[in-house]
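Novice: Got a structure here, written out as structure tokens. Questions coming.
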Amino acid sequence: LNVMEEKFVLDTLAGCTEYKSILDVVVNAFYVQDGRYCPISEHNLYIVICYLATFQLEVIGLQHFSRIVKSLDPAKMQKFLRFFFNDSYLNTWIKDEWSHLYDSVYVKENWIDPLLRWQPKVQQLIEKLTDKLSNRTTIVKTSRVTQPKEFNLTVPKPRAIPLPPPAPLPVLAKRQPVPPSIYKPPKEIKQLEEIKTKNIQKAKDLLLKANTNQFRCATIKPEKREAGCLPFLQTYTEVMKSTILIASLLEFSRIDNIPIKLNTAAILREGALYQRKLEEELKRIENLQQGAGDPSEFLEWQKQMRGKDLEEQLAEIECRRLQGKLSHEEAVLARQNVIQENKKKADLLREEKAELMHLYAEKRLQEQKEMKELVEQVAEGHKNVKQVKEKIQEYKQQIVQQVCEESEELLRQALEEEEEKNRKRYELIQQIRAIESIPSIKHKFVDLTETGGHGLFGEMSIVELRERLALLKEAQKAAEEEKRDQIIHEKQAKEQLLLHKLDQISQFRAELGRAAALKQEEKKKTLSGERPMKDERILNLQKKIVEKTMERKKQERLL
């Protein structure tokens with residue numbers, strides 16, 4: 001900006017700051033009435049226009065003021081100027097509001113009367129802005145565009161494309177026939193199926209023999225048959241089934257047609273498997289010999305109790321469901337009651353609000369009356385306003401002069417300090433350059449037996465460090481040799497353990513095979529003579545059981 005423009009901007013800014021109270025009265029009223037949809041960010045724009053129209057219109061002239069207004073948005077300026085230069089507004093509430101802040105006579109002579117004088121000319125400016133807004137939409141004439149036309153050229157005939165000779169058909173190489181072994185199952189599976197069939201047949205034979213034969217200790221005397229025949233038969237049957245299971249396991253373990261290589265894990269796993277199965281079967285046989293009973297009755301009772309528990313759970317679930325439905329209905333009723341109460345409260349609040357607004361309006365009118373009385377009292381005391389302003393102006397000029405003198409003194413001291421710093425900096429640079437110009441000793445003799453002299457704990461020379469590194473390497477090598485020997489010993493001990501396990505497994509298999517063969521031969525010898533007798537005993541026991549059952553039922557009927 002040049003000097004005149006800068007002075008005009010500074011004067012406008014100072015005036016807007018000084019008369020901000022009376023300018024805010026007009027702008028705030030404009031936002032309440034006509035400028036309800038104007039953004040609040042343009043508040044300062046309307047303050048500047050209001051200041052220029054009120055205080056600077058006679059200084060800058062209407063032409064300059066029109067240029068400033070036309071450079072802004074015409075819709076906003078037309079709305080604001082029409083509001084501000086309204087005769088009724090200037091003579092009524094604007095004059096009253098400004099009279100609250102300044103003397104009413106001063107307001108009327110210096111502010112209101114000039115605005116009324118300029119009102120006809122400003123009205124012409126408002127009409128120009130209105131015409132500009134009404135003629136904003138202009139019709140754009142469209143020019144005629146030249147449309148090109150195609151040339152009427154003869155269309156050439158398409159030429160025939162020569163076809164290349166057909167490519168020879170590729171000859172496929174003769175494929176190799178599919179080997180017949182793909183469609184045949186492997187021999188190993190067939191061998192396994194045959195062995196499995198044989199083992200099943202052997203297990204069936206053993207079961208038949210066990211049902212027809214019994215141990216000598218199982219013979220029952222005639223006087224004790226009626227007392228304990230049935231529990232013993234159950235125990236005997238369980239013992240025979242476990243014996244047959246052990247025999248079938250031994251027979252299945254004798255498959256030697258397919259060679260299988262055992263590793264360390266397989267050897268240990270097989271040994272643990274045989275040992276665990278043998279312990280389980282022996283424990284089961286001992287329990288049966290000690291009189292373990294049939295758990296069917298307990299299982300039936302357990303099933304009934306579980307059914308009762310299930311019915312109780314279903315009844316409890318149904319009860320909970322009904323309770324939830326009831327609570328839902330209660331919640332709906334409670335929600336409706338709350339809504340009605342809220343409506344009643346809202347009506348009461350509206351009534352109270354209306355009463356408070358009425359009281360506030362009365363209070364506001366009373367305050368306005370009191371304010372007018374106060375303004376009239378203050379106006380009497382503002383008769384010598386010009387003299388007070390002149391004194392304030394002289395006091396401000398004195399303060400400004402003192403501030404200028406103090407700022408010049410501070411600036412001079414700052415320059416002196418900066419010169420002193422530059423001088424010290426220059427001397428320091430000269431000293432550094434002098435030190436750098438001194439020649440230094442580049443080569444230094446190094447003694448490997450001396451320490452660095454840094455004052456650290458554990459500080460040592462290079463020779464001592466090399467000796468310690470050699471000792472550490474020797475100790476590390478000795479530890480590696482010791483670890484290697486230990487690994488070799490552990491490997492040998494593991495191999496011995498595996499050999500011992502293999503011996504145990506082979507002995508276990510051989511002993512079980514011999515025992516199964518001896519039992520099978522003994523059963524074959526005793527099968528022919530004892531079978532009819534055992535069948536008769538079983539029939540007699542069944543007849544006695546039926547008779548005892550009938551008697552028990554008859555006694556129950558009598559009781």
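Novice: Please enumerate the residues belonging to the stretch 361-412 that are in a helix (DSSP H, G or I), without any contact (Cβ under 8 Å) to a residue 40 or more places away in the chain and among the small types (Gly, Ala, Ser).
Specialist: Scanning the stretch 361-412 gives Ala361, Ser407.
Novice: Which pairs turn up if I take residues in the stretch 154-168 that are part of a loop (DSSP other than H, G, I, E, B) and look for partners that are among the aromatic types (Phe, Trp, Tyr) and open to solvent by 100 Å² or more (accessible area, probe 1.4 Å) with beta carbon separation below 6 Å, at least 6 apart in sequence or on another chain?
Specialist: As it stands, the answer is none, since no pair meets every condition given.
Novice: Considering only the stretch 393-441, how many residues are small (Gly, Ala, Ser) and either within 26 Å of Glu18 (Cβ to Cβ) or under 60 Å from the mean Cα position of the chain (by Cα) (or both)?
Specialist: Keep residues of the stretch 393-441 that are small (Gly, Ala, Ser), which gives 407, 414, 434, 437, 440.
Pick out the ones that are also either within 26 Å of Glu18 (Cβ to Cβ) or under 60 Å from the mean Cα position of the chain (by Cα) (or both) and you get 407, 414.
Count: 2.
Novice: Looking at this structure, is Ile49 of a type in the set (A, V, I, L, M, F, W, C), more than 60 Å from the chain's Cα centre (by Cα), open to solvent by less than 70 Å² (accessible area, probe 1.4 Å) and closer than 26 Å to Glu109 by Cα? Please lay out each step first, then the result.
Specialist: On the way: of a type in the set (A, V, I, L, M, F, W, C): yes; more than 60 Å from the chain's Cα centre (by Cα): no; open to solvent by less than 70 Å² (accessible area, probe 1.4 Å): yes; closer than 26 Å to Glu109 by Cα: yes.
In short, no.
Novice: Next question, about the same structure. When both residues are 6+ apart or on different chains and their Cβ atoms are under 8 Å apart, which pairs have a first residue that lies in the stretch 507-520 and is touching a residue at least 60 places away in the same chain (Cβ under 8 Å), and a second that is open to solvent by 100 Å² or more (accessible area, probe 1.4 Å)?
Specialist: So the pair list comes out as Arg509/Arg254; Gly513/Arg254.
Novice: Tell me which residues, restricted to the stretch 1-38, are open to solvent by 100 Å² or more (accessible area, probe 1.4 Å), closer than 25 Å to Phe83 by Cα and not in a helix (DSSP H, G or I).
Specialist: Arg36, Tyr37
Novice: Contact list please: Cβ distance under 9 Å, first residue in the stretch 455-468 and part of a loop (DSSP other than H, G, I, E, B), second residue open to solvent by 70 Å² or more (accessible area, probe 1.4 Å), pairs at least six apart or on different chains.
Specialist: The qualifying pairs are Glu459/Thr451; Met460/Thr451; Met460/Arg468; Ser461/Thr449; Ser461/Glu450; Ser461/Thr451.
Novice: Condition test on Ile432, is it in a helix (DSSP H, G or I), open to solvent by less than 100 Å² (accessible area, probe 1.4 Å) and under 30 Å from Thr264 (Cβ atoms)? Talk me through it step by step, then tell me what you get.
Specialist: Details: in a helix (DSSP H, G or I): yes; open to solvent by less than 100 Å² (accessible area, probe 1.4 Å): yes; under 30 Å from Thr264 (Cβ atoms): no.
The answer is no for Ile432.
Novice: Also, quick follow-up: Collect the residues in the stretch 77-127 that are of a type outside the set (A, V, I, L, M, F, W, C) and not in a helix (DSSP H, G or I), keeping them in residue-number order. Walk me through it before giving the result.
Specialist: Pass one, the stretch 77-127, residues of a type outside the set (A, V, I, L, M, F, W, C): 78-79, 82, 86-89, 91-92, 95-97, 99-100, 102-104, 106, 108-110, 113-114, 117, 119-121, 123-124, 127.
Selection gives Asn86, Thr92, Tyr102, Asp103.
Novice: Turning to a different aspect of this structure: Quick one: count up the residues across the stretch 71-88 that are open to solvent by 10 Å² or more (accessible area, probe 1.4 Å) and in contact (Cβ under 8 Å) with a residue 24 or more places away in the chain. Break it down stepwise before answering.
Specialist: Residues of the stretch 71-88 that are open to solvent by 10 Å² or more (accessible area, probe 1.4 Å), as a first pass: 71-76, 78-79, 82, 86-88.
Subset that is in contact (Cβ under 8 Å) with a residue 24 or more places away in the chain: 72, 74-76, 78-79, 82, 87.
The number of residues fulfilling the criteria is 8.
Novice: I would also like to ask the following. From the list Arg216, Arg175, Arg225, Arg254, pick out the single residue that is touching a Gly at 6+ places or on another chain (Cβ under 7 Å), at pLDDT below 80 and open to solvent by 50 Å² or more (accessible area, probe 1.4 Å). Before the answer, list the steps.
Specialist: Details: Arg216 fails: touching a Gly at 6+ places or on another chain (Cβ under 7 Å); Arg175 fails: touching a Gly at 6+ places or on another chain (Cβ under 7 Å); Arg225 fails: touching a Gly at 6+ places or on another chain (Cβ under 7 Å).
Arg254 is the lone residue from the list that is touching a Gly at 6+ places or on another chain (Cβ under 7 Å), at pLDDT below 80 and open to solvent by 50 Å² or more (accessible area, probe 1.4 Å).
Novice: Turning to a different aspect of this structure: Going by the structure shown, is Arg423 out of contact with any helix residue (DSSP H, G or I) (no Cβ under 9 Å at 6 or more places or on another chain), within 30 Å of Trp93 (Cβ to Cβ) and free of Cβ contacts under 8 Å to residues at least 12 places away in the same chain? Step through it out loud before you land on a result.
Specialist: Details: out of contact with any helix residue (DSSP H, G or I) (no Cβ under 9 Å at 6 or more places or on another chain): yes; within 30 Å of Trp93 (Cβ to Cβ): no; free of Cβ contacts under 8 Å to residues at least 12 places away in the same chain: yes.
Judged against the criteria, Arg423 is not a match.
The values are calculated or read from the model by the stated rules, or taken from the named source; none is laboratory data. If you're wondering where the values come from, they're calculated on a predicted model, not measured in any experiment. Don't worry about glycine lacking a Cβ; one is built from the backbone with ideal geometry, like all the others, and counts go over all protein chains shown. Just so you know, the surface numbers come from the protein's heavy atoms only, side chains and all, with ligands and any DNA or RNA stripped out. Shrake-Rupley method; radii C 1.70, N 1.55, O 1.52, S 1.80 Å.
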